[in-house]
Structure formats: C-alpha cells, structure tokens
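Enquirer: Pasting a structure here, questions to come.
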Amino acid sequence: QVTLRESGPALVKPTQTLTLTCTISGFSLGTTGMCVSWIRQPPGKALESLARIDWDNEKYYSTSLKTRLTISKDTSKNQVFLTMTDMDPVDTGTYYCARMSYTSGWNAFDFWGQGTMVTVSS
Amino acid sequence: DIQMTQSPTSLSASVGDRVTITCRANQTISNFLNWYQQKPGRAPNLVIFGASSLQSGVPSRFSGSGSGTQFTLTITSLQPGDLATYYCQQSYSTPRTFGQGTKVEI
C-alpha cells in the first residue's frame, strides 16, 4: 500500500535552515505521472502548498516562499527532501508530504503522510 | 496564484442534518477542484476529486458539485464522525492553493 512518512527536526532556531525528508513506499517517483508535494499548516490555520517535485524532476514552488525553498529527490532511496532557509517563528507548524498522480483523480493529493511538527524558537 | 474562498468558515449542525459548504475560485478552474476532510490532530484525507467524484472508501453521504468557479460539498445526514475541518483545493494550476477551511461542529 502507499505510504509517506515525514522526518526531520522538531525544533529549529530562527535563521537556521530546515531540512525535511519524506520517505515513500508503495509507489516510485521514477514512474511517469508520480509527484510528491510538501504542504504545511500553522497551528489552527489553513493548509499551504510549499513545493512539488515530479517524476521527471520538474520542480514547482510557492510564489511567496520560492526564494527560501529547495525540493529534491533520491529516487533510488524513495526519498524526497525539502530545505527551507532562514527559518522564522511564523514557520512553526506541521509539515506534510503528499502524493499527487497525473494518472488518477484529477491531480488531487490522494495519499498523505502523518505530518511532522516543526517549532521555530530560540 | 488562484485564490480559493470557502464559506462559511464554521458551522454547527445536528446529527442527521444536511450540510452544505461552498468554495469559490477567483478564476475558472474547470472541474479541477478537490475536497479534503481533516479531523482534529490528523492529516487531511481526500473526500472528493474532480469536483464530484467520490474517493474510494468515503461514505456516499458525501457529494460534490459545481464547475468553473463555484463548487459545493454536501453532507447528507451528518454523522458524529463527520466532525472535522473541510478544505477545498484547486489542482488546475501551480501553485496548488487551498481554501481557508470550514469547521463543522456537531
């Protein structure tokens, strides 16, 4: 079955760089049409798409955050990485990775990880 | 970026009620509209994709409609397990954007 699992530090200091890992199983980012996105959610607030990487290594970023974000993948290890630079307390929240498939479901996020909570504080 | 606006932001209903949530896009998105249910402390779960298609495993009391810029999620006969926040999301263009959410209280 399809699963995604986020991992990374629970606490980062302001100005530091955050690196998160999404480990996938049940599908491959080497398969045409498969994509993985990072989405975050501040406490009590709405969901916000951050970045997406596609099977062909195309990358897409949030308009407002693109200068701080880098998404990459290691297809052989079934992992997707997100780095976010210059972290600030407003970046505190739960970070999710989710699958999108061009081959099914109108490009919806059909599988999600459980999320990882990141707190930005000195 | 395409802006998604949901209404209402919250609602309170009783078990058995019919509940309707509206989502509006600020430009046409065809049928590229998806709905997610997020229960407290949990990750979002896909409920409706392509504006009106029910995701596998989701109860048939959930339905979606609309196209272009205006969409609706309907829950017929609300159940206690439907307590959640519901988000719409457009998958027409990048970056994907979400509505601000509608909290459904029982």
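The values are calculated or read from the model by the stated rules, or taken from the named source; none is laboratory data. Owing to the predicted nature of the structure, the values given are computational and were not obtained by experimental measurement. Cβ atoms come from the backbone with ideal geometry, glycine included; neighbour counts cover every protein chain shown. Note: areas computed on protein heavy atoms with side chains; ligands, DNA, RNA excluded. Shrake-Rupley method; radii C 1.70, N 1.55, O 1.52, S 1.80 Å.
Enquirer: For the condition touching a residue at least 60 places away in the same chain (Cβ under 8 Å), surrounded by fewer than 21 Cβ atoms within 10 Å (Cβ to Cβ) and of a type in the set (V, I, T), what is the one hit in A:V36, A:V2?
Expert: Checking each option against the conditions leaves just A:V2.
Enquirer: May I pose another question? Check whether at least one residue in segment A:28-43 is more than 15 Å from the chain's Cα centre (by Cα) and closer than 23 Å to B:F98 by Cβ, and report yes or no.
Expert: Checked against the condition, which is being more than 15 Å from the chain's Cα centre (by Cα) and closer than 23 Å to B:F98 by Cβ, segment A:28-43 yields at least one hit.
Enquirer: Considering segment B:36-55 alone, what residues qualify as being more than 9 Å from chain A (Cβ to nearest Cβ) and under 26 Å from B:S93 (Cβ atoms)?
Expert: B:Q37, B:V47, B:S52, B:L54
Enquirer: Can you say whether B:T97 is open to solvent by less than 40 Å² (accessible area, probe 1.4 Å), closer than 27 Å to A:M117 by Cβ and among the polar types (S, T, N, Q), as far as the supplied structure shows?
Expert: Considered against the rule, which asks whether it is open to solvent by less than 40 Å² (accessible area, probe 1.4 Å), closer than 27 Å to A:M117 by Cβ and among the polar types (S, T, N, Q), B:T97 comes out as yes.
Enquirer: Something else now. Determine whether segment A:92-101 contains at least one residue that is more than 29 Å from A:D56 (Cα to Cα) and at pLDDT 95 or above.
Expert: yes
Enquirer: Then there is this: Can you go through A:S25, A:S72, A:S62, A:S7 and tell me which one is closer than 26 Å to B:L54 by Cα and of a type in the set (S, T, N, Q)?
Expert: When all the criteria are applied, what remains is A:S25.
Enquirer: I'd like to verify a number: residues in segment B:68-92 that are open to solvent by 10 Å² or more (accessible area, probe 1.4 Å), more than 10 Å from chain A (Cβ to nearest Cβ) and not in a strand (DSSP E or B), how many?
Expert: Residues flagged as open to solvent by 10 Å² or more (accessible area, probe 1.4 Å), more than 10 Å from chain A (Cβ to nearest Cβ) and not in a strand (DSSP E or B) within segment B:68-92 amount to 8.
Enquirer: Here is a further query. Please pick out the residue among A:T31, A:T63, A:T15 that is surrounded by fewer than 13 Cβ atoms within 10 Å (Cβ to Cβ), free of Cβ contacts under 8 Å to residues at least 24 places away in the same chain and in a loop (DSSP other than H, G, I, E, B).
Expert: A:T63
Enquirer: Tell me yes or no: at least one residue of segment A:92-100 is in contact with a Pro (Cβ under 8 Å, 6 or more places away or on another chain) and either at positive phi or more than 14 Å from chain B (Cβ to nearest Cβ) (or both).
Expert: Within segment A:92-100, one or more residues are in contact with a Pro (Cβ under 8 Å, 6 or more places away or on another chain) and either at positive phi or more than 14 Å from chain B (Cβ to nearest Cβ) (or both).
Enquirer: Just need a number here: residues in segment A:10-50 that are within 14 Å of chain B (Cβ to nearest Cβ) and under 15 Å from A:S101 (Cα atoms).
Expert: Residues flagged as within 14 Å of chain B (Cβ to nearest Cβ) and under 15 Å from A:S101 (Cα atoms) within segment A:10-50 amount to 5.
Enquirer: Look through segment A:44-59, keep the residues that are surrounded by fewer than 18 Cβ atoms within 10 Å (Cβ to Cβ) and on the phi < 0 side of the Ramachandran plot, and return whichever of them is nearest to the chain's Cα centre (by Cα).
Expert: So, considering only residues that are surrounded by fewer than 18 Cβ atoms within 10 Å (Cβ to Cβ) and on the phi < 0 side of the Ramachandran plot, the one nearest to the chain's Cα centre (by Cα) is A:K59.
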